[in-house]
Amino acid sequence: MTAPIGAIGAAFPPLGAVGAAGATAGTAATTPATGAVAAANAAAAQSASGSFGQVLGNALSGVQNLQTNADHLAVQAATGNLNSVTNYMVAANQADVATQLTVAVRNNAVQAFQQIMNMQV
Amino acid sequence: MSMFDAINTANTGVDMSQTWMNAISNNLANMNDATRTSQKAYQAEFPVVTALGGGQNGTGSGVAVTGVAHGSAAGITVYDPSSPLADAKGMVREPNVDLAQQMTDLIMAQRTYQANVNAISTAEQTYQDGLGLKP
């Protein structure tokens, strides 16, 4: 089960550094030839790129850090210890955007897997 | 995380503006503090800032408040013989806080805050637009 997804994972190598996903994932999807280039870039950019599961796990732990930070600031806001209103809003926005991006990448990868599974033989 | 550089950079501007407004509020609150001529006057506070480097592709990463500069401790001496703090000549010391300058600074701090908040919300909206791309 994980082997084909691992292959798909190679198409989304920068997932660990969530920010880079938009840049390379798009090109990898449109032109198969760039897949190797994207994988090479990912190897240079991130040594920890492994199976899709590992990469997604790394991305989720990054998102978890952002969520924890936002929660921490939310508690400060509730207890009146918040230094700056925007600090909380920024942290909440970052957690929100990073979560949406990770979920979008996961959904697209699963969709690609299902398209391959539904291929007529 | 480099993805949120725009937001984090603008947030440093917001923090700086807030410190600036805090200092201005303090200056306005202490504007009329009279003291004996043998003592120091309240010294107006001015935040000292520095630009931060280390952003993406050689850009900077915002601004940081590194300290506070203080106005003159001599202030101005005013003739006010009815004050309990007056010396033998009837003089008291008052801070040399320029109300007009503080008010214009307050407007600048407010506009800086608003501009940086705008940058944050525009960046956030842009990230949302990026998420809207169809694969």
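Coordinate-derived values only; no laboratory data. Everything quoted here is computed from the prediction, not taken from an experiment. Reconstructed Cβ throughout: ideal geometry from the backbone, glycine too, with neighbour counts over all protein chains shown.
Working from label points 7 Å from Cα in the Cα-to-Cβ sense, the B:ALA29 to B:GLN102 distance is 1.1 nm.
Between A:ALA77 and B:THR50, how high is the FRET efficiency from 1/(1 + (r/R0)^6) when r is the Cβ-Cβ distance and R₀ = 22 Å? Nearest 0.05. Before the final figure, lay out the partial values.
Numbers: r = 29 Å, r/R0 = 1.30.
Given R0 = 22 Å and the Cβ-Cβ separation, E is 0.15.
For chain B, the longest principal axis of the Cα atoms and the long axis of helix B:5-29 meet at an angle of about 10 degrees. Computed over segment A:55-121, the Cα gyration tensor eigenvalues convert (square root of 5λ each) into semi-axes of 37, 10, 7 Å, ordered from largest to smallest.
Which whole number gives the average count of other chain Cβ atoms within 10 Å of the Cβ atoms across peptide A:103-113?
On the way: counts 1, 5, 1, 0, 1, 2, 1, 0, 1, 1, 0.
Mean partner-chain Cβ count within 10 Å for A:103-113: 1.
Legend: mean number of C-beta atoms from other chains within 10 angstrom of residue C-beta atoms, peptide A:82-89, equals 4. Packing, taken as the mean count of other beta carbons within 10 Å per residue, orders the peptides B:111-123, A:70-82 from highest to lowest as B:111-123, A:70-82.
Near A:ALA92, once Lys and Arg are set to +1 and Asp and Glu to -1 for all other residues with Cβ below 12 Å from its Cβ, the sum equals -3.
Across chain B, the relative contact order, built from alpha-carbon pairs under 8 Å that are at least six residues apart, equals 32 percent. Other residues within the sphere of radius under 15 Å centred on the Cβ of B:SER72, judged by their own Cβ, net out at -2 (K and R +1, D and E -1).
Rounded, prolate or oblate, given the Cα gyration tensor of chain B, with a/c below 1.5 counting as rounded? Intermediate results must be reported in sequence, preceding the final value.
On the way: a/c = 5.68, a/b = 3.26, b/c = 1.74.
Judged from the Cα gyration tensor, chain B comes out prolate (a/c at least 1.5, a/b above b/c).
Fewest neighbouring Cβ atoms within 10 Å first, the residues B:LYS89, B:LYS134, B:LYS40 line up as B:LYS134, B:LYS89, B:LYS40.
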